[in-house]
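The values are calculated or read from the model by the stated rules, or taken from the named source; none is laboratory data. Keep in mind that what you see is a predicted model, and the values were worked out from it rather than measured. Here the Cβ is made from the backbone with ideal geometry for all residues, glycine too, and neighbour counts use every protein chain on show.
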Amino acid sequence: MPATALALWLAALLARVTRSEMIEALEQDYVRTARAKGLTERGIAARHALKNALLPIITVMGLQFGGLLGGAVMTETVFAWPGVGTMILDAILKKDFPVVLAGVVIVAMGFIMVNLLLDLLYTALDPRLRRA
């Protein structure tokens, strides 16, 4: 239930971004060329359009990870599940600053690692970024 509560509002944004990027990609010249070659619409969408629409989608997913971390505090409080967010909130209320600092550092390192992995994924998906 908590995972559903966290993911539901983020899924709507991701679906909206995916839809708009796919619409934009399907209007490009390379898609018109693929249609002229006689490829199926499913193949065009999967191979050509989605491949080029993935970078903005991945960017939004990376930004949403920060929202998940922030929303975890509220979700853990509502569902009374112990977690990092609840630990940080309890430490703030008890004025236990070393625990607050440790929790914030752990969350920040997780966010930094996810963004690093996304940057590495960018170079794997887009060959133009390998040369830069």
message: Going residue by residue through the range 109-130, is there one that turns out to be surrounded by fewer than 15 Cβ atoms within 10 Å (Cβ to Cβ), in contact with a Lys or Arg (Cβ under 7 Å, 6 or more places away or on another chain) and more than 21 Å from L8 (Cβ to Cβ)?
response: yes
- request: Tell me which residues, restricted to the range 26-55, are aliphatic (A, V, I, L, M) and free of Cβ contacts under 8 Å to residues at least 24 places away in the same chain.
  value: L26, V31, A34, A36, L39, I44, A45, A46
query: Of the conditions (1) in contact with a Gly (Cβ under 6 Å, 6 or more places away or on another chain); (2) within 30 Å of A25 (Cα to Cα), E76 fails just one. Which one is it?
result: (2)
Residue check, A80 more than 20 Å from L6 (Cα to Cα) and either surrounded by 15 or more Cβ atoms within 10 Å (Cβ to Cβ) or among the hydrophobic types (A, V, I, L, M, F, W, C) (or both): no
- line: Of the residues in the range 25-44, those that are over 22 Å from A124 (Cα atoms), in a helix (DSSP H, G or I) and either touching an Asp or Glu at 6+ places or on another chain (Cβ under 6 Å) or not aliphatic (A, V, I, L, M) (or both) number 7
task: Would you check if there is a residue in the range 110-119 being β-branched (V, I, T) and over 25 Å from the mean Cα position of the chain (by Cα)?
output: no
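Do you know which residues across the range 56-87 are assigned to a helix (DSSP H, G or I) and in contact (Cβ under 8 Å) with a residue 60 or more places away in the chain?
Step one: of the range 56-87, the residues assigned to a helix (DSSP H, G or I) are 56-79, 84-87.
Across the range 56-87, the qualifying residues are I58, L68, G71, A72, T75, E76, V78, F79.
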- request: Run V17 past the list (1) loosely packed, with under 11 Cβ neighbours inside 10 Å; (2) touching a Pro at 6+ places or on another chain (Cβ under 9 Å) and report the number of the one that doesn't hold.
  value: (1)
message: Please determine whether any residue of the range 86-105 is closer than 22 Å to L10 by Cα and buried (at least 17 other Cβ atoms within 10 Å of the Cβ).
response: yes
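Would you say R47 is under 25 Å from A124 (Cα atoms) and at pLDDT 90 or above? Give the derivation first.
Working: under 25 Å from A124 (Cα atoms): yes; at pLDDT 90 or above: no.
Spelling it out, it is not the case that R47 is under 25 Å from A124 (Cα atoms) and at pLDDT 90 or above.
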